[in-house]
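Asker: Just dropping this structure here.
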Amino acid sequence: MRTETHLAELAPRDRSVARPRRLRAHGAIRDAIADASVDPARLALPVFALDGDGREEPIASLPGHARLGPDRLVERLAPLVDAGLRSVMVFGVPDDKHDDARTLTAEDGPAQKALHALREAFGDRLLLMADVCLCPHTTHGHCGVPVTDASTGRVRIDGDAALPLLSAGAVSLARAGADWVAPSDMMDGRVAAVRTALDDAGHRDTAILSYTAKFASAHYGPFREAAGSAPAFGDRRTYQMDPRGVRDALRSARLDETAGADMLLVKPGLPYLDVLSALHDRTDLPLAAYHVSGEYAMVHAAAERGWVDARAVYEEQLVALRRAGADLVLTYAALDILSEDI
Ligand SMILES: [Zn+2]
């Protein structure tokens, strides 16, 4: 009351004081001028594909999510697609691991079978993305090829040796129907290698979503359970980015763009909004952000204790990623956002 009296007494020119609250007055006003929104078309759901119909294995650390055989995957996605889901990222989870990554490169790998089933069921209603990496497919669980130095006995991860396997995997996934292949390995030179292999195999229209800025993060725990991709020894810091650096991400974005990437991805999401924003300022390529398993699971765990409202937190987190520059957000929370509409 005191403020109103005070303003009423002001001279007319002073009464033109700006009142930002006018634009917050009710929902329709706020919706009309929002900088970003969580449109389901801007969300992509990561899914884990098993080999074999009828199979379903819940993922304890990603509540509500499961590894699924092709038929179960179609069943689970059908209501989500009806509710507006437009994109999925398919991760193949093989039963047996081989160091030649044959389940990545074979025509009948688990991701390939899932892609065939999804395309048959949903046609062009779904954008199909497929992960390209060695770690879920090999016994060593690294994204490149471990090589032991004969003189020192030390193991290093050879990126160049991984390129033919990654390229063959990308071609196989494109042949199975992936619209986009997504190399997530972080080996130098893989975007150019994958682009060349796709073109040579006649897949000129298959796009590359490059994991340009994938940080060596502590937020990936639940994913490693889901995909069975934890490294058998060591860690991934010689190829994933140091969380303390942003210039590495900017440099990699320039290299990926030159090498032919169609879209760039930042992973994880929320701890790296500055990276996303910096890339948004510097590239004209579309950007994706991966709101990762740890980000999802932490909110879910807190919600189970009654400490937060999971859906409200997810919506706020996803809009933050969109606001920072993500055109598309890969998120397990797509399930929670869309399920309310089912
Ligand atoms: Zn990997």
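Values in this text are rule-based calculations from the coordinates and carry no lab data. These figures come from a predicted structure and were not determined experimentally. Cβ atoms come from the backbone with ideal geometry, glycine included; neighbour counts cover every protein chain shown.
Asker: Which aspartates and glutamates, if any, have their Cα less than 16 Å from the Cα of K214, not counting same-chain residues under 8 positions apart?
Answerer: Once the sequence-local aspartates and glutamates are set aside, what remains near K214 is D131, D185, D188, D235, D242, D248, D256, E257, D274, E295.
Asker: By how many nm would the segment from A83 to R282 grow when fully extended, if each residue of separation counts as 0.36 nm and the alpha-carbon distance is taken off?
Answerer: 68.2 nm
Asker: Another question about this same structure. In the neighborhood of A161, defined by Cβ-to-Cβ distances under 13 Å, what is the net charge if each Lys or Arg adds +1 and each Asp or Glu adds -1?
Answerer: Net local charge, A161 excluded: -4.
Asker: Next question, about the same structure. May I ask you to list the residues of segment 240-259 whose amide nitrogen lies under 20 Å from a point 7 Å from Cα along the Cα→beta-carbon direction of D274?
Answerer: 240-254
Asker: Looking at P136, L73, A60, which one has the Cα that reaches farthest to the positive end of the dipole of the chain (charges on Cβ: Lys, Arg +1; Asp, Glu -1)?
Answerer: The one lying farthest along the dipole's positive direction is A60.
Asker: For segment 235-297, which trypsin sites (Lys or Arg not before Pro) are both in a DSSP coil and crowded by at most 16 other Cβ atoms within 10 Å?
Answerer: Qualifying residues, ordered by number: R237, R244.
Asker: Hey, got a sec? Which chymotrypsin sites (Phe, Trp or Tyr not before Pro) in segment 240-342 land in a DSSP loop and have at most 11 other Cβ atoms within 10 Å?
Answerer: W307
Asker: Size of the dipole of the chain about the Cα centre, Lys and Arg at +1 and Asp and Glu at -1 on the beta carbon, nothing else charged, in debye to 20?
Answerer: The dipole magnitude comes to about 1240 debye.
Asker: Under the rule of at least 5 residues apart or a separate chain, name every residue whose amide H is placed under 5 Å from the amide H of D158.
Answerer: Close amide H contacts, sequence-distant or interchain: V145, V147.
Asker: Measuring from centroid to centroid over Cα atoms, what is the spacing of segment 237-251 and segment 156-212 in Å?
Answerer: 21
Asker: So, one more: Can you list the residues, at least 5 places off or on another chain, whose amide H is less than 5 Å from the amide H of L43, using H built in the peptide plane?
Answerer: The list, which skips near neighbours in sequence, is R86, V329.
Asker: Select from L118, A34, S210 the residue farthest towards the positive end of the dipole of the chain; place +1 on Cβ of Lys and Arg, -1 on Cβ of Asp and Glu, and compute about the Cα centre.
Answerer: Positive-most Cα among the choices belongs to A34.
Asker: Then there's this: Once the Cα atoms of helix 163-175 and of the chain are each reduced to a long axis, what angle between those two axes, in degrees from 0 to 90 to the nearest 10, is obtained?
Answerer: 70
Asker: Just going by the charge dipole of the chain, with Lys and Arg at +1 and Asp and Glu at -1 on Cβ, which of S167, A261, A288 is farthest out on the positive end?
Answerer: Result: A288, furthest along the dipole toward the positive end.
Asker: Please report the antiparallel percentage of the DSSP beta bridges confined to the chain, to the nearest 5.
Answerer: For the chain, the DSSP antiparallel bridge percentage is about 20.
Asker: Calculate how steeply helix 310-324 sits against the longest principal axis of the alpha-carbon atoms of the chain, using the helix alpha-carbon long axis, and give the answer as 0 to 90 degrees to the nearest 10.
Answerer: The helix 310-324 is inclined about 90 degrees to the chain.
Asker: Under 15 Å from a point placed 7 Å out from the Cα of E315 along the Cα-to-Cβ direction: which residues of segment 16-31 have their backbone N that close?
Answerer: Flagged as within label range: 26-31.
Asker: Counting only other residues whose beta carbon sits under 12 Å from that of R67, what net charge do I get with K and R as +1, D and E as -1?
Answerer: Neighbour charge sum, excluding R67 itself: -2.
Asker: Going by average Cβ density within 10 Å per residue, which order do the peptides 221-230, 77-86 take, highest to lowest?
Answerer: Packing order, densest peptide first, comes out as 221-230, 77-86.
Asker: Quickly work out the R254-to-F233 label distance, labels modelled 7 Å from Cα along the C-beta direction, and quote it in nm with one decimal.
Answerer: Here the answer is 3.7 nm between the modelled labels.
Asker: Here is a further query. Summing +1 for each Lys or Arg and -1 for each Asp or Glu, what net charge is found among the other residues whose Cβ lies under 12 Å from the Cβ of L285?
Answerer: -3
Asker: Per DSSP helix of 4 or more residues, -39500 (n - 2.57); summed, then divided by the residues of the chain. What does that give at 222 nm, rounded to the nearest 500?
Answerer: -11500 deg cm²/dmol
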